[in-house]
Amino acid sequence: MKHSLQQIAEAVNAHLQGDGSVEVRGVASIPSASPTDLVFVQDQKYLSAALGSAAAAVVTADFAPTSSSKPLLIAENPKLAFARAARLLYEKNGALQQGRIHGTAVVHASVRLAPGVLVDEHAVIADDTTVGENTRIGAGCCIGPAVTIGRECEIYPGVTIYAGTTLGAGVIVHAGAVLGSDGFGYVRDARTGRYEKFPQVGSLVIDDDVEIGANTTIDRGALDETRIGRGTKIDNLVHIGHNCRIGENVVIAAQAGLSGSIVIENDVVLGGQVGIGEHARVEQGVMLGGQGGVLPNKILRGKGVAFWGTPAQPLRQYLRQLAVLARLGKKG
Amino acid sequence: MKHSLQQIAEAVNAHLQGDGSVEVRGVASIPSASPTDLVFVQDQKYLSAALGSAAAAVVTADFAPTSSSKPLLIAENPKLAFARAARLLYEKNGALQQGRIHGTAVVHASVRLAPGVLVDEHAVIADDTTVGENTRIGAGCCIGPAVTIGRECEIYPGVTIYAGTTLGAGVIVHAGAVLGSDGFGYVRDARTGRYEKFPQVGSLVIDDDVEIGANTTIDRGALDETRIGRGTKIDNLVHIGHNCRIGENVVIAAQAGLSGSIVIENDVVLGGQVGIGEHARVEQGVMLGGQGGVLPNKILRGKGVAFWGTPAQPLRQYLRQLAVLARLGKKG
Amino acid sequence: MKHSLQQIAEAVNAHLQGDGSVEVRGVASIPSASPTDLVFVQDQKYLSAALGSAAAAVVTADFAPTSSSKPLLIAENPKLAFARAARLLYEKNGALQQGRIHGTAVVHASVRLAPGVLVDEHAVIADDTTVGENTRIGAGCCIGPAVTIGRECEIYPGVTIYAGTTLGAGVIVHAGAVLGSDGFGYVRDARTGRYEKFPQVGSLVIDDDVEIGANTTIDRGALDETRIGRGTKIDNLVHIGHNCRIGENVVIAAQAGLSGSIVIENDVVLGGQVGIGEHARVEQGVMLGGQGGVLPNKILRGKGVAFWGTPAQPLRQYLRQLAVLARLGKKG
């Protein structure tokens, strides 16, 4: 949707310098920008490239000159202002849209769809499921029974949501994700050597504004619940096991794996391919580097402290060990 | 389904202490139990919490007092008895159910469906496929052609089973799993530098009582077969490559990856994110800790021996190395 | 499809020794071969087993005797000749097939399907998508809008391709793969602590003859494009993040993970579960062993050089370190 720079400046709380009546339709990188695009510069060294690009205008910071060849939107955090401008330009406006159930979708008679819900081709919504305003259920999704999905959610194609799962508002689920599947729990019968299934009858609750990547799997609790806190962002192919409790504004990069009953507190950042053992706890604000491993029952602690390696150690300590090893390797 | 404690005690081979006419409808954890739930206590220290909970009755061991405020089911392995009670309360009773093919499913005329088969919305079953009694094919699954699925299987939504795959009885496949896909095999043409596809025309055979997690992928053999032995349990997002032979009662945790032609013998336990190179062999009863790595062609041996690290070593040896490294890191 | 040895010899550029009128219908391993199968021997020690098998004929090299009990196809690279023979025996002949859209598929009126396109059950093709000659769209796939797919592609069931993605000719995509999903990019608002979505409005371009494994995910660019070069082969459950540029004839084994803005040059081989940090570069012809890790912004360099470990080091150096560590562990 087209917007004037004036409108954008107000929406993203930036200072406009230049012609506010100029209209833009999209965002782009500096090399790919067209004359209707907005670009951004977070680092002063790219400013001249941005000003020399085809873009209509530049989102930048107060290091920009007071007169320039293009209109500028000057923001405290240009990348954040640019992200918000993109949202304005690309996203739905929040007004109630016209709801629609595609003729090939199968929606059980007991399902409650709020106004503005879109149900795409071949989606299946089982009994007693509730879907909130303006939410879109993508083609081929299988939802329910007894699932609750909040308003303004975007469920991409091919997502399966098992019975009884709850999603808050504004949740984005990418294609192929599986939510609420059985946890991995068995009891071995010592006499026969066979594993018998431990009941996986708990639930999965996902709070508002969570984003879940493609083909990620999150298991329901065994007897209690698995919970993903508000604003947490989860990348592709991540595994979260039963009974995990993930806090708010947590970032979990691709292919990270959390086994059962783990606590991840608010503001934690987990790198790609991280592996965490059962009953471990990662305390508020910890950062764990890619491929790092946390043993079962361990605790990582320290706001803003970076950990790395398997078993995970504070980064400085780990780097010292790597250096020693490199030195010995050369001698050896 | 509701059952009396008397019925449950008989079914799970537990000793009933107290009023056997009390009826329960489900299982729960101690904090979440309602008055129609059964709870269990494996460790004596939780017994008083269980007796103080809202639960109808407690599955416990012979450390329980001979008189108590709730009826007790006393079992040699309370967790196992509890798991079996849950099965009784939640699972199908084994009687032949009423079969049903949803009107939106597409089942080829040559498919043989046994009595009691459920085929859900938009499932597709291609020609010459056979499905056994009481098996459920979930919504949106794509099965076949020439697939054989045994009785009492549960195939969750969105599963794809490639041509010619065989599943035994009682197999559970969670949503999004892909069974029998092509293995990863190419021959490089030294002249052009291009990789040409090696034929992937073998098969995949999955024995009885295997459970396969969400979005897990298991490839067919290149020329021969990939085989998963009876009672083996596989978690989410696991990859098993072509020509692997996995034994019976093997446990494979989430995101483990097995490349081609690997042998995993009976009773092996593989931790999460384990990686195993081609042609390796893990012998009976070995346990390999999370993120451990086994090089191509290597053999891990020793019933009940725990291995860890990359390359995987006996746990004690690995821990000694970690300790040495930590000490050097402090000095360094 | 049945072919005479004479036809095969010509097609795969092998020297025929024996009766060229013998017909074969398939390929097999030596133990599983039937009398209409072709087998191959790359290593002389298996030749007598092959000659003693039930196979109709053997593809082998010039170490074979000039007289033998079975017809031989003698090739410079027997495995390559065997792979090409299999292609001849199993693959489509390249002639234009009869196109067909299954009655349950939903194809938008604006979609352009070339002759010979197959669209299977419940597939959905959204507006402005183009599909080339002889391409097959599997059951339950969700494609588009504005996707371009080349000729002779095979898209297996349950694949989701997001808007605007481009696939070249001869691309194979296995079941459950997700192409063109949003990258994982956020900007944190320091005031609220919340992550806001950075625009993911770039594209994904996949060149000719790429093969993509089951449940693999490849993200679109944030503002620019993600690109997979011609002839590159990607295994199951691989993750490729936004803005990555993968060269030609690259091999990426299962569960490897590439975060954002990585460059992988031509002819690189990445082992299973490899993890690569953002903005890293792996230069032409490098081989990185399974589970190896490359830190953000690092460069791996050296045609034919093998790297291993985390952080990845030249193999020899890494092995020396392992040896030192093992020695210290014994003392320690």
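Where a number appears in this text, it was derived from the coordinates with a stated rule and is not lab data. Remember, predicted model here, so these are calculated numbers, not experimental data. Positions of Cβ are backbone-derived with ideal geometry, glycine not excepted, and every protein chain shown enters the neighbour counts.
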Shortest first, in nm, what separates the label point of B:Gly52 from those of the same position in the other copies (7 Å along Cα→Cβ)? 7.4, 7.4
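Before anything else, pin down the relative contact order of segment A:107-193: Cα pairs under 8 Å, at least 6 apart, normalised by residue count, whole percent. Mind showing how you got there, number by number?
Details: 244 pairs, mean separation 17.9, N = 87.
Normalised by residue count, the contact order of segment A:107-193 is 21 percent.
What is the local net charge at B:Cys141, summed over the other residues whose Cβ is closer than 14 Å to its Cβ (Lys, Arg +1; Asp, Glu -1)?
My count for the surroundings of B:Cys141 gives -4.
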Residues other than C:Ile155 with Cβ under 10 Å of its Cβ, Lys/Arg counted +1 and Asp/Glu -1, net out at -1
If we hang a label 7 Å off Cα along the beta carbon direction at B:Asn297, how far is it from the matching labels on the other copies, in nm, shortest first? 4.0, 4.0
Per DSSP H run of at least 4 residues, take -39500 (n - 2.57); add these up for chain A, divide by its residues and hand me the 222 nm value, nearest 500 deg cm²/dmol. -4000 deg cm²/dmol
Mean separation of Cα contacts under 8 Å, 6 or more apart, over the residue count of segment C:1-136: relative contact order %: 19 percent
For segment A:100-316, build the charge dipole from Cβ charges (+1 Lys, Arg; -1 Asp, Glu) around the Cα centre, then report which of A:Pro314, A:Val178, A:Thr232 sits farthest towards its positive end. A:Pro314
Lys, Arg +1 and Asp, Glu -1 on Cβ, resulting dipole of the protein assembly as shown about Cα centre, debye, nearest 20: 3720 debye
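Taking the Cα centre of segment C:3-90 as origin, work out the dipole magnitude from +1 charges on Lys and Arg Cβ and -1 charges on Asp and Glu Cβ, in debye rounded to 20. List each step's numbers first, then the result.
Working: 6 positive and 7 negative charges, 40 e Å.
In total the dipole reaches around 200 debye.
Sort chain A into rounded, prolate or oblate with this rule: let a ≥ b ≥ c be the square roots of the eigenvalues of the Cα gyration tensor; rounded if a/c is under 1.5, and if a/c is not under 1.5, prolate when a/b is larger than b/c, oblate otherwise.
Values: a/c = 2.79, a/b = 1.21, b/c = 2.30.
The shape class here is oblate.
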Inter-copy spacing of B:Asp127 label points, which lie 7 Å from Cα along Cα→Cβ, given in nm from shortest upward: 3.8, 3.8
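Which FRET efficiency value, to the nearest 0.05, is calculated for B:Leu319 and A:Thr66 with the Förster distance at 56 angstrom and r the Cβ-Cβ distance?
With R0 = 56 Å, the Cβ-Cβ based efficiency is 0.35.
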Under the classification rounded if a/c is under 1.5, otherwise prolate if a/b is larger than b/c and oblate if not, where does the protein assembly as shown fall, given a ≥ b ≥ c as square roots of the Cα gyration tensor eigenvalues? rounded
Out of all DSSP beta bridges with both ends in chain B, state the antiparallel percent to the nearest 5. 15 percent
Hits among lysines - C-alpha to C-alpha of B:Lys92 under 18 Å, sequence gap 8 or more where chains match: A:Lys197, B:Lys2
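Treating only the Cβ of Lys, Arg, Asp and Glu as charged (+1, +1, -1, -1), what charge dipole size does chain C show about its Cα centre? Round to the nearest 20 debye. Intermediate results must be reported in sequence, preceding the final value.
On the way: 30 positive and 31 negative charges, 285 e Å.
It works out to roughly 1360 debye.
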Please express the Cα-Cα pair-distance distribution P(r) of segment B:275-332 as a list of whole percents, one per 5 Å bin, running from 0 to the bin with the greatest distance. 5, 20, 24, 22, 12, 8, 6, 3, 0
Stretchable slack from A:Lys2 to A:Asp43, in nm (0.36 nm times residue separation minus alpha-carbon distance): 12.1 nm
Quick calc, B:Ser21 & A:Lys298: beta-carbon distance into FRET formula, R0 35 Å, rounding 0.05, result 0.15
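Over segment A:100-316, what is the mean sequence separation of C-alpha contacts under 8 Å (at least six apart), divided by residue count, expressed as relative contact order in percent?
Values: 786 pairs, mean separation 20.4, N = 217.
Computed over segment A:100-316, the figure is 9 percent.
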Just to confirm my numbers, what's the Cα centroid distance between segment B:196-255 and segment B:278-328 in Å? 22 Å
Restricting the count to DSSP beta bridges whose residues both fall in the protein assembly as shown, what percent are antiparallel, rounded to a multiple of 5? 15 percent
